[in-house]
Structures are given as structure tokens and as C-alpha cells.
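This report concerns only the one structure given below.
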Amino acid sequence: MRKTFTMILLLLTVLSCLSAQGSGESTSSASEKHMVSFTDDLGRTVNVPSDITSVTPSGSMAQVILLTFDQSKISGLTTAMNDEERVYYPDLNDDIPVLGTFYGKKANLNKEALIVVNPDVVIDIGEIKGSADEMISDLDVLEEQIGIPVVFIESYLADSANTYIRLGELLGDEERGKELASYAEEAVAFAEDMKELFGGTVSFYYSSSLDGLEAIPSGNFHGEVLEAVGGVNVVPSTFSSGGNAISLEQLFLWNPDVIILSNEDAYNSILAETSSWQTLDAVKNGRVYLVPEIINNWIDSPPSINRLIGIWWAADVFYGSQAGADVRAEAERFYSLFYGYGISEDELAEYGI
């Protein structure tokens, strides 16, 4: 009798284990996402979920672009936002964590925090950093360390449309990608038309420093939008890419048609009646402009999708009515399409638009 009872207990134990094992396998398979292959712009084949619902950017440029694509998918930021900035992102999670950035002089990515957030994919967007081989190695190592797919999408001003097409493919929303790509194509084509029609007819000087005397040289990405519409930078390309402190005497020698500043203090100081800049032709002719900064600077900070609206503004600044650019209408269209935000007349009027 005891032997029979023992056999029954053993049988029940085995059946219980098998049942638990089957239940565990079922739970495991249900929690795993279906994976598909995606070839990024470095040629890396990365396995990503077929239905991506959570993404984090690896840097500031990626953050700006991803926020314009779909705010609701963002599960981590590279840099914090203040309350004023949050107004422009109504679909962004209130308690979203700040994870830092992977590349750059101030790289500070918190990999442990990123692992806790556990997004479906980490996305880097922008130029190739160093060589392609170096970047492939960087991203492969990062992917191995965090156990999360990492994808790179290349992005430059001229191919902004392709950036959105690729995002649409990756994130499973090709319609949204094509919608944003269409605007980008239109803006870049407009810049090309402006350069063909008026290129070389207007010279400019651009600075973002507090005193307005740190020069941005020709060919530098900070002035790319201004050159894309045909403006001629008076600062030679032989100047270094940063820290070009010049004298006011040098600026008088260059004597640009237009002066563009991104620092409001510099702008106000230069236009003051007591300013030593008053005898420059651009100042006398009322051709000194402050770059609009609504969410982001329209010219270069960061060098991202915010530059598309900057194309229309720069053409209007350089060529006036000849450009045929309705900057106010374009701004309303841009912010509505990319951010779902209704820009106000007061916000535009602050920059004379």
C-alpha cells in the first residue's frame, strides 16, 4: 500500500513539473517580440522587433528628429527639457528619464539606466562619426554591452527626406515617414532654386557669440543653411571651425551685406545707438537679423531638422520679396506637421515674422 501511494505521489509530482514547464514556455514565448532584420546606414544587419513601441535617441540630433516623428514612442532623452520646452511636446511622457549622449566631447551615456528603460531600439542619427569602420565597431560594442538593438540612420541637410523615409521603414509607419519626407524635399528644392536664381548676390556674416565677434567660416555646418540658399560667407574657409575671435576692424574690411546673429544680447548690443557697429553697411541698411529660436534655432543649433524652416527664413532675409517665401505660413505649416503644435502670432512677431 505504501509503495502504491509513493508511486502516485511521484506521478503527481512529474505531472506538476511538466505542467509548470509548459506554462513557463507559453509565458516566455508570449513575452518575446517577433524580430526582423533591418540594415542600417552603416550596412549593419540589426535584429529589431517588428512592432517597435519604445525608442531612445543616442544624441541630441537623434532626439530632435525622433521627437518630430513620434513623441509617444520616446522612452528616454539625451538631454533634459525645461517646462517651457515641454509645451511643444504634448505627447511626451511626463516622467521620462534623461540618459545622456553616446558621442561627442560631453559623452555621458548612462548605460545602466538605459538597460533599465529597456527600449526596443536605440537610434543614432546624423553624420558618420570618424570612419564607417570605427562607428560600426562603436555601435556593435554598445549593442553587446546593453543587450538592446542599436541602429544608425545617416542624416544631412540635403538628404533630410531620406532620413524620414528610413525612420518610417524602421518604426513601421511609412506613411508618417513619407509625409515628413515630402516637406523636407520641398524645402531642400526651394533652397536649390534660390541658389540657382540669386546665388552669389548677397554676402553675410554669421556669429553665435555673446559679442558677435566669433566668426563662423565658409563651409562650416553652422552656416550651411545660409550658404545652401546662395548666401556668400565673408569669412574664409581657411579659418578654423571654432573659436575664431576677430576684431571689429576685420569685420569692417569684409563689410557684409547682411549680419546674422543667434545671441539676443549681441543683437541688442550691436543695434544700440552707441554701438561701434553703427557705421557698418548692414547696420545702416537695417540688415541685421536675430535667428528665430522656437523650440530650436532655425540655422544651426542643433544641426538638425529645425534647419528646414530656416531655409525659408534665410531666403526671405537675403532676397526679400524676390524669394516669394511666406515665412509665417511656412512656420505654421512646419510646426503643425512636425510637432503637432500651433505656433502663435506672438511667437513669430518676436522675430519680426
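The values are calculated or read from the model by the stated rules, or taken from the named source; none is laboratory data. Since the structure is predicted, the reported quantities are computational estimates derived from the model, not experimental observations. Ideal geometry is used to build each Cβ from the backbone, glycine not excepted, and the neighbour counts take in all protein chains shown. Each accessible area value is taken on the protein alone, full model and side chains, heavy atoms only, with ligands, DNA and RNA left out. Shrake-Rupley method; radii C 1.70, N 1.55, O 1.52, S 1.80 Å.
The lysine pair tally for the chain, using Cα distances under 24 Å and a gap of 8 or more places or different chains, is 7. Averaged over residues, the count of other Cβ atoms within 10 Å places the peptides 298-306, 83-91, 123-131 in the sequence 298-306, 123-131, 83-91, highest first.
Mind checking which of Glu273, Glu175, Glu293 has the largest fluctuation in a GNM of the chain, springs on alpha carbons under 10 Å? Checking each option, the largest mean-square fluctuation is seen for Glu273. Other residues within the sphere of radius under 11 Å centred on the Cβ of Tyr183, judged by their own Cβ, net out at -2 (K and R +1, D and E -1). Within the listed set Asp133, Asp257, Asp281, the Gaussian network model of the chain (springs between alpha-carbon atoms below 10 Å) gives the highest mean-square fluctuation for Asp133. This model, with +1 at the C-beta of Lys and Arg and -1 at the C-beta of Asp and Glu, gives the range 60-182 a dipole about its Cα centre of some 260 debye. In a Gaussian network model over the chain where Cα atoms closer than 10 Å are linked, find which of Ile270, Ile153, Ile216 has the largest mean-square fluctuation. Highest fluctuation among the options: Ile270.
Rounded to whole numbers, the Karplus 3J(HN,Hα) couplings from phi for the range 220-230 are 7, 4, 4, x, 4, 4, 5, 7, 4, 8, x Hz, using 6.51 cos²θ - 1.76 cosθ + 1.60 with θ = phi - 60°, and x at Gly and Pro. Note on the range 214-284: with neighbouring protein chains present and a 1.4 Å probe, carbon and sulfur make up 47 percent of its accessible heavy-atom surface.
Report summary: the helix-based calculation at 222 nm, which adds -39500 (n - 2.57) for every DSSP H run with n ≥ 4 and divides by the residues of the chain, gives -13500 deg cm²/dmol. Can you name the helices of the chain, as whole DSSP H runs, whose Cα span along the helix axis is 30 Å or more and whose Kyte-Doolittle mean is not below -0.5? Span-like helices, by this rule, are 2-31.
Of the residues Ile65, Val188, Pro217, the one whose Cα sits farthest toward the positive end of the charge dipole of the chain, with +1 on the Cβ of Lys and Arg and -1 on the Cβ of Asp and Glu, is Ile65.
In order along the range 201-217, the phi-based Karplus estimate (6.51 cos²θ - 1.76 cosθ + 1.60, θ = phi - 60°) of 3J(HN,Hα) comes to 8, 10, 9, 9, 10, 10, 9, 10, 7, 5, 9, x, 10, 10, 7, 9, x Hz; Gly and Pro are listed as x. Relative to the Cα centre, the charge distribution of the chain, modelled as +1 at Lys and Arg Cβ and -1 at Asp and Glu Cβ, gives a dipole magnitude of about 1220 debye. Amide H to amide H distances under 5 Å link Ile125 with Ser58, Gly59, Ala62, Ile153, where only residues 5 or more positions off or on other chains count and H is placed in the peptide plane. Computed with a 1.4 Å probe over protein heavy atoms only, the accessible surface of the chain comes to 49 Å² per residue.
Think of the range 109-207 as a dipole: +1 on every Lys or Arg Cβ, -1 on every Asp or Glu Cβ, centred on the Cα centre; then among Phe204, Val121, Leu170, Phe204 lies furthest on the positive end. Building the convex hull from the alpha-carbon atoms of the chain and averaging its projection over directions returns 22.9 nm². Remark: the range 52-108 carries a charge dipole of roughly 380 debye about the Cα centre, counting +1 on each Lys and Arg Cβ and -1 on each Asp and Glu Cβ.
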